[in-house]
Every structure is written in structure tokens, then in C-alpha cells.
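Step one of this worksheet: look at the structure below.
The values are calculated or read from the model by the stated rules, or taken from the named source; none is laboratory data. Note that the coordinates shown come from a computational prediction; the quantities given were computed from them, not determined experimentally. Reconstructed Cβ throughout: ideal geometry from the backbone, glycine too, with neighbour counts over all protein chains shown. Remember, those area values only see protein heavy atoms, side chains included, never the ligands or the DNA or RNA. Shrake-Rupley method; radii C 1.70, N 1.55, O 1.52, S 1.80 Å.
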Amino acid sequence: MIRLLSLVVVMLVLSAAAILRDGRIFGHDLRQTHAAVVSVAQGSDTLEVQPDGTFVVNTRVLAKDVQGYGGPVPLKIHIDKDGRLTAIEAEPNAESPSFFDRAKELFSRWQGKTIDEAMAEDVDAVSGATFSSKAIIRNVQRGLAYAKQHGLADGGKGAQKESAERTVATGWTLGSIVALIAVLLGAVVPLFTNNRRLHLVQLVVNVVVLGLWTGTFVSYTLFLRLFAGGVSLSAIGTLAAPLLMLIVALLYPLAGRSGHYCAHVCPFGSAQELAGKLSRRKLRITPRVSFFK
């Protein structure tokens, strides 16, 4: 009963934090009125024409359902009179600066290209910044589709006849699939066996796949991202492994397995346990160190 009550309190605290930080709860915006949303959707803030004739497409509304690791990652896409991308500018977001700076390296993949060339560009996520880079890719795709639909490919001289609607991607990639398999193994296998060799393999997989490759782990930022933005179809593949991690971390303790996440799933816990296996010599604390402690 105490564990269940603790879980409820944690859920309420995270919900409050999501509302205070982003003004949203599970994808529902609590700050904007319906009229304001309609006004923005009509393009007042989505498309801007600068004095030099450059078009600026803002993806804040176009990709409002696209989530990075900390929440939405809106972009401003600058397109010149000839229909070429001159710059991509990141709007304020809640991503971790170190990860987002790595993901921003993708901007150069589209700059200097025409809208058609940029739409045809096959861009992969940056390893170690998967959430942020996938959000950037989808924002650019939405912005380019909007630009194409509104005739910016020919300098804004006329609307394009072809539809620029794109199928919503579910985010399933090789990395997301392997990460989900790794979390499933850590969540299920230890329930039925306590084999040391399998556990050692699981630790290595957690560090390599979840820690180094995909950067998948439970964190405060992930909690707020899910509580504020919810789970959309466009991100279900990317979020499958983190969601399963949350289930293990939050619900397993209710069944009496409070340390399961740290011992069998968490890449940080796995790295710590592997480091402890490198040497069997115990660290001895001298009396002098103990005195200062």
C-alpha cells in the first residue's frame, strides 16, 4: 500500500512539473486558447517573409506532436528566392545542450540544397543523440513539406499542384528495435533464471546498446517529456524502449522487485557492476580519510 501511494505521489509531482514547465499534460496544451491555435495554424506564425525576400518556415505548429528527449524541438527553416535552404535555426527547447549540439550537426546536410533536393536527402540520426536528431529530422521534413505545398520551391511564385503530405513515420529504426530487445531481455529473463553468464551478457548489452549506441535510460527529463507531450504515433518506435524502462522502474517495485531496473536494465547500473568485476581488490579507506569524512 505504501509503495502504491508513493507511486501516485510521484505521478502527481511529475504531472505538476510538466504543467509548470511546458504548460501541457500528456499532449494537451493548457495555456493556449482554441482561437490562438487556429490563428497560428492559419500561418500567421508559420510562414514569415523577411525584407530581403527570404521565406522563414517555423515548425512550432507544423511539428507540435514531434518530441525530442525533453519535448518539442521547433526549427526555423530559411529559404531564399531561388528555393534553396540558406539556414536552419533552432528555437528554444528543453533538450540537454550537450546532446542537442551534437544533433545540430545535421543542419549542414540540408543547407544549400533546393527544397526538392533536401526532401530527397536521406539523413540518419546522430549516434548518442538519437532523440534530438530524430526530432530535428522530422521537423525539417514537416517544414519542407509545408514549403513545397505553399509554392516556395519556385520562390513562392505559385502553389504547387502536387500534394506534399507525408506519411507519419513511427520512428522504428535498427537502433530503436535493438534497444527494445535489450530492455525486454533485461525485464523478462531475470524473472525466470539467475544464470550468471546470461547476466554478464545482459550487462554488456545494456552498456553497449542502451548506453553508448542509443542513449536510452530513465531520467527526470524523460519523465517530463512523456508527461508533457504524451506518446504520439510519430514517436512510438523511438519511445518503445524508454516506455518499457519506465514500466520496469515504476511498476516492478509494486511486485516486490524494487532493484530490478538498476540491476538488470539501467546502462549506468550495468557499467558500475562491470567496473566492479574488473578487480577483486577491495578499496581500503585509511583512518585519515575516514577522519575527514
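Some observations on this one:
- Difference of contour (0.36 nm per residue) and Cα-Cα distance, E48 to Q111: 20.8 nm
- Residue-normalised accessible area of the chain, expressed per residue, 1.4 Å probe, Å²: 56 Å²
- Cα gyration tensor, segment 1-151 - rounded (a/c under 1.5), prolate or oblate: oblate
- Take the Cβ atoms of D101 and L184, set R0 to 41 Å, and the FRET efficiency comes out at 0.80.
- Rounded if a/c under 1.5, otherwise prolate or oblate - segment 63-124, Cα gyration tensor axes: prolate
- Structure-based [θ]222 nm, the chain - -39500 (n - 2.57) summed over DSSP H runs of at least 4, per residue, nearest 500: -14000 deg cm²/dmol
- At an R0 of 25 angstrom, the distance between the Cβ atoms of F192 and L4 translates into a FRET efficiency of 0.50.
- Close amide H pairs (under 5 Å, H built 1.01 Å from N) link I25 with L30, residues at least 5 positions away or on another chain.
- Amide N of segment 119-148 lying under 17 Å from the label point, which is placed 7 angstrom from the Cα of I177 along Cα→Cβ: 124-125
- A87 long-range amide H proximity, modeled H, under 5 Å: H78
- Taking Rg/Rh (Cα atoms, Kirkwood Rh) as calculated from this structure, the corresponding entry among (i) 0.96; (ii) 1.03; (iii) 1.07 is (iii).
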